[in-house]
Amino acid sequence: MQTTILITGVSSGFGRAIAQAALADGHRVAGTVRTAEAAAEFEALAPGQAYAEILDIGDLAAVAPALAALTERAGPVDVLINNAGYGHEGVLEESPLAELRRQFDVNVFGAVAVTQAVLPGMRARRAGRIVNITSMGGFVTMPGIAYYCGSKFALEGISEVLGKEVREFGIHVTAVAPGSFRTDWAGRSMRRSERSIADYDALFDPVRAARVAKSGQQTGDPAKAARAILDLLKHPAPPAHLVLGSDALALVRGKLADLGAQLDAWQAVSRSTDF
């Protein structure tokens with residue numbers, strides 16, 4: 001059965017991979033892009049089946065009218081995939097607060113605004129699927145991406161709560177946390193704050209160098225991730241959280257084991273604060 005899938009950020013990366021797979025499966029795909037050229041190029045992939053709307057997800061006031069225009073052409077949204085986002089890299093002390101605001105506007109507030117725009121229709125129809133593309137950075141952390149990890153931790157939590165709020169309406173919500181995939185995340189899509197404090201050089205410079213060197217060589221295949229996400233949409237009981245990539249799986253399991261050990265080590269203090 002053909003469904004209408006709304007995907008934010010279909011110009012490249014996961015968004016493009018998911019959109020291409022969905023179009024190949026015969027679905028109608030409504031996608032957001034940043035430029036008129038990208039809109040024309042996307043719609044040319046499948047005329048009459050691919051629909052594009054120009055939208056900067058971080059421009060929150062523009063979200064509702066843009067999606068209204070898009071769904072007027074493409075039809076009611078059966079599936080929402082909140083994919084649009086980017087990574088910010090920089091030591092926290094060196095990174096302007098304006099970068100934090102922009103990171104959250106796009107990765108968190110934008111995703112919520114899009115979700116709020118499609119939820120009334122899904123709720124009325126008592127059916128819908130929402131997939132929020134987060135990151136293993138929503139579970140594990142490393143120096144230099146505090147703003148990014150903060151935004152993905154936030155989206156993981158919001159997604160889990162939303163799933164509990166709407167499941168009685170037949171709407172399923174899954175936060176999909178990819179590991180390292182061969183997208184533009186660490187390349188042209190990443191915003192980087194300027195370095196200025198030498199005290200952080202020994203910690204951060206190797207991390208930045210390794211990330212740049214790894215770009216384009218990651219173990220994850222975006223096409224396989226797209227297939228996994230589309231298959232997820234068919235599952236009658238999808239998980240609240242899905243980790244993609246063997247690297248992410250190992251790191252998240254390690255984080256959970258470390259957290260369990262800390263809880264055990266400090267349980268006496270934890271319990272000492274009860275009446």
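Derivation of every value follows stated rules applied to the coordinates shown; laboratory data play no part. Computed from a predicted model, the values in this text were never measured in an experiment. With ideal geometry, Cβ positions are generated from the backbone for all residues, glycine too; neighbour counts draw on all protein chains shown.
Write out the GluC sites (Glu not before Pro) in segment 118-220 meeting two conditions: DSSP loop, and at most 13 other Cβ atoms within 10 Å of their Cβ. Before the final figure, lay out the partial values.
Working: sites: GLU156, GLU160, GLU165, GLU168, GLU194; in loops: GLU194.
Hits after loop and neighbour filter: GLU194.
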**Prompt:** So which DSSP H runs in the chain come out at 27 Å plus along the axis (Cα) with average Kyte-Doolittle of at least -0.5?
**Reply:** 146-166, 246-265
**Item:** Contour minus Cα-Cα distance for THR273 and ALA98 (0.36 nm per residue)
**Value:** 59.2 nm
**Asked** Between the DSSP loop rule and a limit of at most 14 other Cβ atoms within 10 Å, which trypsin sites (Lys or Arg not before Pro) in segment 98-141 are left?
**Response** ARG126
**Item:** Loop-located trypsin sites (Lys or Arg not before Pro) in segment 189-275 whose Cβ has at most 15 other Cβ within 10 Å (DSSP)
**Value:** ARG195, LYS234
**Complete:** Taking Lys and Arg as +1 and Asp and Glu as -1, residues besides GLN49 with C-beta under 13 Å from its C-beta add up to 0
